[in-house]
Amino acid sequence: QVHLVESGGGLAQPGGSLRLSCTTSGFAFNMYDIRWYRQAPEKERELIAHTFRPDGVGATIYAESVRGRFFASRDNTKATAYLLMNSLKSDDTAIYYCHVPALDIWGQGTQVTVSS
């Protein structure tokens, strides 16, 4: 059974950093692209990063709202994706999800709150 489990969320101060993890199981991680989304209160879910599988083409794609501050990566030996979030702002407060688009599988999400 396919599972995605996000972790690493929490409370951060403006300007701070957090690293989210998306631990997966039940499928061949290195064969699939991975996406990160977020959903802020009363807002639509926003695609913020798309990482390609190792034999895919192209570099990671980022939404303009996070480009230069957030960095997505993946460890194919651990079947885990990461999202390093730097220079956090209050607008980054949201629930963050990882997603396997080809399988349409979502994790349960992890809450990130940026506040002083």
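The values are calculated or read from the model by the stated rules, or taken from the named source; none is laboratory data. Computed from a predicted model, the values in this text were never measured in an experiment. Virtual Cβ from ideal backbone geometry, glycine too; neighbours counted across all protein chains shown. The area values use the complete protein model at the heavy-atom level, side chains included, leaving out ligands, DNA and RNA. Shrake-Rupley method; radii C 1.70, N 1.55, O 1.52, S 1.80 Å.
Just need the relative contact order of the stretch 76-116 here, percent rounded to a whole number, with Cα pairs under 8 Å and 6+ apart.
Averaging sequence separation for qualifying contacts and normalising by length gives 39 percent for the stretch 76-116.
Using Cα pairs closer than 8 Å and at least 6 residues apart in sequence, work out the relative contact order for the stretch 1-78, in percent.
21
Using the eigenvalues of the Cα gyration tensor, what equivalent ellipsoid semi-axes result for the chain when each is taken as the square root of five times the eigenvalue, whole Å, largest first?
23, 15, 13
Once phi is turned into ³J(HN,Hα) by the Karplus curve 6.51 cos²θ - 1.76 cosθ + 1.60 with θ = phi - 60°, what whole-Hz value does each residue of the stretch 15-21 show in order, with x for glycine and proline?
x, x, 9, 9, 10, 8, 10
Kindly state, to the nearest 0.05, the FRET efficiency for LEU84 paired with GLU42, given R0 = 25 Å and r defined as their beta-carbon distance.
Using R0 = 25 Å, I get an efficiency of 0.40.
With label points built 7 Å along Cα→Cβ from the Cα atoms of ASP91 and ARG53, find their separation and express it in nm.
That separation, rounded to one decimal, is 3.5 nm.
Can you give me the distance in nm between label points at ALA102 and THR23, each placed 7 Å from the Cα along the Cα-to-Cβ direction?
For the pair ALA102/THR23, the computed spacing is 2.4 nm.
So, for the stretch 24-107, what is the accessible surface per residue at a probe of 1.4 Å, expressed in square angstrom?
About 53 Å² of surface per residue is accessible.
Using alpha carbons only, how many angstrom separate the centre of the stretch 1-21 from the centre of the stretch 75-107?
7
Carbon-plus-sulfur fraction of the accessible area of the chain, 1.4 Å probe, in percent?
49
Just add up the charged neighbours of GLU64: K/R +1, D/E -1, any other residue whose Cβ is under 15 Å from the Cβ of GLU64.
Working: positive: ARG38, ARG67, ARG69, LYS89; negative: GLU46, ASP91, ASP92.
My count for the surroundings of GLU64 gives +1.
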